[in-house]
Amino acid sequence: MPPGARSRKELSIMAKLQQTVKPGDVGFKREIGLIGATWASETSIIGSGWLFGAYFAAVAIGGAAVIAWIIGGVAVIILALVHAELGGMYPVAGGTARFPHLAYGPGAGISFGFFSFLQAVTVAPIEAYAVIHYAYYFWHGIYDPTANGGNGNVTHWGFLMEILLMAIFTVVNFIPMRLLNPIFSGITWWKVAIPVITIFILLPKFNGANFSAGGGFFPTHVGAKQLFGAIPGASIIFAYLGFEQADQLAAEIKNPKRNLPLAIILSILIGTVIYVMLQVVFIGAVPHALVAGPLGFAGIAATNQIAIAPFAGLAAAVGLGAWAGFLRADAFISPFGTGAIYVTATSRVSYGLARNRYFPGIFGKVDKRGVPWVGMILAFFAGLVFTFPFPSWHSLVVLVTSASVLMYAGAPLAMGALRKRLPQAERPYKVPGAVVMAPLAFIVANLLIYWSGFETLWKLGVAIILGYVAILMYTADRPELKAINWARSAWIGAYLIGLGLIGWVGQYGPQNTGRLNYPWDILVVVLFSLAIYYWALQSSLSTEEIEETIEEQAAPAPEEEAEAAAA
C-alpha cells in the first residue's frame, strides 16, 4: 500500500469517529429549550440598537436608511447561517471562541478566541450607556449632550452610574441558569413587544414627504459609498449583533442539534423585520418642520430630545406623551436584558478560552449552580476598562461592531475547513451551497470591517496587540500546551495587516489617505478576502489533527465526571 494511503477499513473507522467524537463541557446543565435559546439571541439583538439605530441611520443617509437596514439584515443572515451549522455540529460553551481552534489550532484559536472575548466584553458598557442617555430626561447631571463636538459624553455622575449598572448586570448572572432563563425570556417578550407596538402607534403619524428630506430619498451627499459606510457607522450592524448568543450558551441548550440552529435563524429573521419597520415609521413620523431644511435629519439639534432619546423624544413630539413614558421605561429594561446576557456570554467565552488553554484554568471553573463565576468577575472589570476611552454610546459602537464582525469572520473559515477535512461529520443543519456560502460570508464580514473606517481599525488593532501580548505571555512557559505552528498561521498576520493597510489607503475614514478610489476599493477587499480564505483553508489542521483536538476537548463520561466532582 502506498505511504499515506488508507484502507477501506481505516476510512470507515475515521468516518465513524467523525460522527461520534464531539467536544464537550463539564459542569453545565441543559436547561434551555427552543424558545429560551431563541430569546437568548433575540434579547441581544433587540437591545439599545433599536433605541438609537433609526435616528443615527436617518441622520447619516436620510430615507435611504431603509435600504441600509435591509442590506445589513441580509449580511447578518449570511453570517448567521454559518454559525447555525457550526453550533449544531459542536454545541459547546463559548462556541465562537472555539470553532477556529478546532479547525486551525492554536494560532487561529488564540486570535479569534480573543476577538470573541473583546466583542462580548464591550457590549455591556454600551447597554449601560443607553440607560444613561435615556435617564438624562430625569437627571441632567449624568450626561452632557453638547460635549465632544455635539456627540455627547457622560459626566462623572454618569460614570458612577455606569459602574453601578455593570455591577447589577454581573450580580444577576450569579443566579442559576434554570432560574435566570425565565427572567431573560420575560424581559425579551417585553423587549420585542415594545418596538412592535411602537411601530403600530407611530404609523398613523406617517408623512411620506420626510423620505425626501435633505435632497431626496438619497440625499444630495449620499451615494452607494455613503450607504455602505452607514451600515456599520450608523450602528445598523451593531443593532443586529447578538444572534450568536445561542452558540455561546450551546452547552446549556436542550436538544442542541435541533434547537440551536433554529434559534439562531429565527432570532435574526425576527430582528430584521422589526428593525426595517422601525426605520420606516421613524422617518415617517418625525415632525416635518424639523427636517425641512437643507440638512434634513442631520439638522435636528443635538439638544433636541429626539437626538438624545430618539423614540421617546419622537413620541412626545407627536403628542404621544403616555407612550413616551413607556419608552423611557423600556430604555432601562431593553439595555438591562442585553447587558446582562452579554455578561453571561463573556463568562462563557472566557470559559471556552480556558478549555482551549489560552486563559488560566481558573476561568474554566464552574460552581455547583453551573455558573462560571470567575469569568463573570473578569467581564465586569474588563467592561469598565472600555468606558474610559469611549465615554458615550456612539463612540463605542463602531469599535464593538468591528470587533464583532472580526469574530464572525472566523466562523466561515472554520466551516470551510471542517467541510473539507471532516466531510462525514454529523451536521444537524447544513448550509445550502456551502462551497459558495463560506467564502461569501468571509467577504461580507471583511467588507463590514472595511466600511467601519480606518480610525476604528487602528484602535481595534491596538486592542488586538494587547490581547496577543497577554495571552502569549501566559502560554509561553507552559510546555504542555501545543506549540503554535507559525508558518501555518502566517495567513492570520497577513489578514490583519492587510485589512489595516486597505483601510488606510481606502475611502472610509477618518484618518485614511483615500488613495484607493471607490469602487476599486470594494473589489480589492473582495479579492483579498478570497485569497486569505483559500490560503487559510490550505493551512488548516489535517483530519487527524482535528480529530485529536476534538478528542482533547471531549467531555468525560457521566461516571468520570461524577468521580472528578467527588474527588
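Here are some notes:
- Sequence-separation-based contact order of the chain, relative, with Cα cut under 8 Å and 6+ spacing, percent: 29 percent
- Accessible surface for the range 102-150, divided over its residues, is 22 Å² per residue with a 1.4 Å probe.
- Taking each residue as 0.36 nm, the span from Leu203 to Leu481 lengthens on full extension beyond its C-alpha to C-alpha distance by 94.2 nm.
- Ordering of 232-239, 69-76, 510-517 by packing [mean C-beta count within 10 Å, highest first]: 232-239, 69-76, 510-517
- Across the chain, the longest piece that holds none of the GluC sites (Glu not before Pro) lying in DSSP loops with up to 15 other C-beta atoms within 10 Å covers 1-425.
- Estimated FRET transfer efficiency when R0 is 30 angstrom, pair Val171-Ile362 (beta carbons, to 0.05): 0.90
- Note, ³J(HN,Hα) from phi for the range 194-201, Karplus 6.51, -1.76, 1.60, rounded to Hz, x at Gly and Pro: 4, x, 5, 5, 4, 4, 6, 5
- Sorted peptide list for 404-411, 267-274, criterion being average Cβ within 10 angstrom, highest first: 404-411, 267-274
- Point-to-point label distance, Ile465-Leu527, nm (Cα→Cβ direction, 7 Å offset): 2.9 nm
- Once the chain from Asn517 to Ala292 is taken as fully extended at 0.36 nm per residue, the excess over their C-alpha distance is 77.7 nm.
- Averaging the Cα positions of each part gives two centres, and for the range 157-221 and the range 267-346 these lie 8 Å apart.
- Linear extension gain, Trp458 paired with Ala329, 0.36 nm per residue minus alpha-carbon span: 42.7 nm
- For the peptides 319-329, 464-474, 533-543, residues were scored by their other Cβ atoms within 10 Å and the scores averaged per peptide; the highest-first order is 533-543, 319-329, 464-474.
- At q = 0.24 Å⁻¹, base-10 log of I(q)/I(0) for the range 76-156 (Debye sum, equal scatterers on each alpha carbon): -1.11
- Carbon-plus-sulfur accessible fraction, the range 114-164 (probe radius 1.4 Å, protein heavy atoms only): 64%.
- In the chain, the calculated helix contribution to ellipticity at 222 nm averages -22000 deg cm²/dmol per residue, counting -39,500 (n - 2.57) for every DSSP H run with n ≥ 4.
- Solvent-accessible heavy-atom area per residue, rounded to whole Å², over the range 411-496 at 1.4 Å: 44 Å²
The values are calculated or read from the model by the stated rules, or taken from the named source; none is laboratory data. On a predicted model such as this, the values are computed, not experimentally measured, just so you know. Backbone-built Cβ (ideal geometry, glycine too); neighbour counts: all protein chains shown. Note: areas computed on protein heavy atoms with side chains; ligands, DNA, RNA excluded. Shrake-Rupley method; radii C 1.70, N 1.55, O 1.52, S 1.80 Å.
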